[in-house]
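The structure appears right after this line, and notes come after that.
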Amino acid sequence: MLGLSGLNAQTTAQLLSDPTVKAALEAAKRNEPHFIEEQIRVCEIPAPPFKEEVRAAEFERIFKQLGLKDVRIDKSGNVIGVRPGLVPHPNLLFEAHLDTVFPEGTDVRVKRNGDTLTAPGIGDDCRGLAVLMSVIRALDEARVQTPGTITFVADTGEEGLGDLRGTKELFQTTLRGQIDKFVSVDGTGLRITNVGVGSYRYRATFKGPGGHSFGAFGLGNPIQAMGRAIAKIDEFEVPATPKTTFNVGRVGGGTSVNAIPFESWMEVDMRSSDRDSLETVHAKYRKAVEAAVEEENKRWKGRGPVSVDNALVGYRPAGSTPADSAIVKTAVEVTRAFADSAPLGEGSTDSNVPMNLGIPAITIGGGGQGSASHPLDESFNSKDSYLGTQRALLLAIALAR
Ligand SMILES: [Zn+2]
C-alpha cells in the first residue's frame with residue numbers, strides 16, 4: 001500500500017492530480033468491459049423479492065475474491081465486506097441492492113444489441129452491483145490507502161414490499177452505531193438523490209356480523225364505516241412544500257346489494273419527503289379510521305358493532321441530506337469532474353434509512369443510460385458507462401477520509 005500522500009488533498013481537483021487516484025481511475029476505465037460482463041452475469045442470477053439468497057451467495061464469493069475483509073452475510077441476507085482504512089473511522093457504507101421487483105420464474109437472460117443490454121433488473125440494480133465490484137477492484141489495483149474505512153454491502157429488500165428491510169437491519173442491528181456516511185449506487189445515469197421520500201401504507205379491514213339488508217336492518221355496516229373514514233381522509237390538509245400526499249388506492253368488500261356486508265377493506269398510501277409532515281398525516285389517518293368506526297357504532301347504537309384491523313403493510317422512513325452538507329457538496333463537486341451538471345433529486349431508496357437517522361447519506365446513479373426501471377424490457381446502454389464507475393470511485397475515495 002502507498003502512503004497517505006495525495007489523500008490529504010483537500011479538494012477534488014487535488015485528488016484528481018494525485019498519482020494513486022489517477023491510477024485507480026485508469027483501472028476503472030480499463031476494467032469497464034470486464035465489469036459489464038459481470039453486470040450481465042449477476043443479472044442472470046435470479047433475485048426475486050425476499051429470495052435474494054442465490055445472488056447473495058455469489059456476492060459473498062465475489063467479495064472474498066476481491067480481497068475484502070470480514071466478509072459475512074447477516075440475518076437479513078445482506079452481504080458485507082470491509083476494506084479497512086488506516087483507522088476505523090470515518091466508516092463509509094457503500095452499497096447496491098441485490099433484489100429485483102420480478103417474481104420467481106421471470107426470464108432473466110440478458111439480450112445484447114450493440115451497447116444496449118435488455119433484461120429485468122439490468123439497470124436497477126445490476127448496474128449498481130457492477131459498479132460496487134469495479135470500485136473495489138480499482139482501489140485494490142491502484143493500492144489506494146484511504147484514511148477511513150469503506151464497508152461494502154450488497155443489500156436485500158430495497159424494492160416494493162421489501163420496504164428497505166436490508167438497510168434497516170444494517171442500521172438497527174448489524175452495523176448499528178458504526179456508520180458515519182452512506183452512499184448507495186442505484187440504477188443508471190449520474191444523478192444524486194439527497195431527499196428521501198418516506199411512506200406509510202395501510203390495509204384497513206372493517207368487520208361486522210353482517211346480515212340481510214331488510215331483515216337485519218339496524219346493524220353497523222363495515223362499508224358505511226369505511227365510507228366515513230374515506231370522507232375524513234379526503235378532507236386532510238397537507239403541505240404543498242415539503243410535498244406530502246395521501247391516497248385511498250383500492251377498496252373492496254360486500255357480497256350482495258341486499259346484504260349488510262360483514263367485511264370491507266381499503267388500501268391507503270401516504271408520502272412525504274419530510275419526516276414531521278409524514279408523521280402528521282399518518283397520525284391523522286389513524287385517528288380518522290378510529291373515529292369513523294366509533295361514529296358508525298354510535299349511529300347504530302352499538303348493534304352489530306363494527307371493528308377495524310388497521311394493518312401497516314409498508315413503511316419507508318423519510319429524511320433528507322441538506323444540499324449544503326459536506327457529503328452533497330462533495331458529490332456535486334466530484335460529479336462535475338465527469339459531467340456538465342450535477343442535479344439533485346428526490347426518491348425512495350436505501351438512503352432513506354440513514355437520512356432518517358440524521359446520518360449523511362445520498363444515492364447515486366451508476367452511469368450509462370437506462371430506460372425506466374421495473375419493466376420486463378428494462379434496458380441499459382453502456383456507452384461511456386465507465387464515467388459512472390469513475391464518479392463512484394472518486395466519491396468513495398473523497399468520502400473515506
Ligand atoms: Zn433500485
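The values are calculated or read from the model by the stated rules, or taken from the named source; none is laboratory data. Remember, predicted model here, so these are calculated numbers, not experimental data. Because the Cβ atoms are built from the backbone with ideal geometry, glycine has one as well, and the counts that use them run over all protein chains shown. Surface accessibility is based on the protein's heavy atoms, side chains included, excluding ligands, DNA and RNA. Shrake-Rupley method; radii C 1.70, N 1.55, O 1.52, S 1.80 Å.
Some notes on this structure:
- Dipole of the chain, positive end: most advanced residue of T106, V153, F236 [Cβ charges, Cα centre]: F236
- Straight-distance crosslink candidates among lysines, where the alpha carbon sits under 18 Å from K243 and sequence neighbours closer than 8 are dropped: K284
- Intensity falloff of the stretch 1-123 expressed as log10 I(q)/I(0), Debye formula with alpha-carbon point scatterers, at q = 0.14, 0.21, 0.22 Å⁻¹: -0.82, -1.25, -1.30
- Rounded to whole Hz, the Karplus (6.51, -1.76, 1.60) HN-Hα couplings of the stretch 55-61, x for glycine and proline: 5, 4, 4, 5, 6, 4, 5
- Adding -39500 (n - 2.57) for every DSSP H run of four residues or longer, then dividing by how many residues the chain holds, sets the calculated 222 nm ellipticity at -10500 deg cm²/dmol.
- When a 1.4 Å probe is rolled over the protein heavy atoms, the share of accessible surface on the chain that falls to carbon and sulfur comes to 53 percent.
- For K383, the lysines whose Cα falls under 23 Å of its own Cα, not counting residues fewer than eight places away in the same chain, are K22, K29, K111.
- Cα-based reach from K168 at 18 Å (exclusive), listing lysines while leaving out same-chain residues under 8 positions away: K51, K75, K181
- The residue among L393, H89, T349 whose Cα reaches farthest toward the positive pole of the charge dipole of the chain, with charges on the beta-carbon of Lys, Arg, Asp and Glu, is H89.
- At R0 = 60 Å, FRET efficiency that the Cβ-Cβ distance of E295 and D384 yields, to 0.05: 0.50
- DSSP-loop trypsin sites (Lys or Arg not before Pro) across the stretch 234-307, with at most 14 other Cβ within 10 angstrom: K301, R303
- Rounded tilt (10° steps) of 386-399 against the dominant C-alpha axis of the chain: 90
- Two-decimal ratio, the chain, of alpha-carbon radius of gyration to 2.2 N^0.38 Å: 1.15
- Degrees, to the nearest 10: 326-336 long Cα axis against longest axis of the chain: 60
- Net dipole in debye of the chain [+1 Lys, Arg Cβ; -1 Asp, Glu Cβ; about Cα centre; nearest 20]: 500
- Cα centre as origin, Lys/Arg/Asp/Glu Cβ charges: the stretch 110-152 dipole, Debye: 100
- Karplus-based coupling profile of the stretch 308-314, in residue order and whole Hz: 9, 10, 9, 8, 6, 10, x, with θ = phi - 60° in 6.51 cos²θ - 1.76 cosθ + 1.60 and x standing for Gly or Pro.
- Taking the square roots of five times each eigenvalue of the Cα gyration tensor of the stretch 227-361, the equivalent ellipsoid has semi-axes of 43, 14, 12 Å, listed largest first.
- Cleavage-rule hits, chymotrypsin sites (Phe, Trp or Tyr not before Pro), the stretch 228-298, DSSP coil, Cβ neighbours within 10 Å at most 15: F236
- Loop-resident GluC sites (Glu not before Pro) (DSSP state other than H, G, I, E or B) in the stretch 168-252 with no more than 12 further Cβ atoms inside 10 Å of their Cβ: E235, E237.
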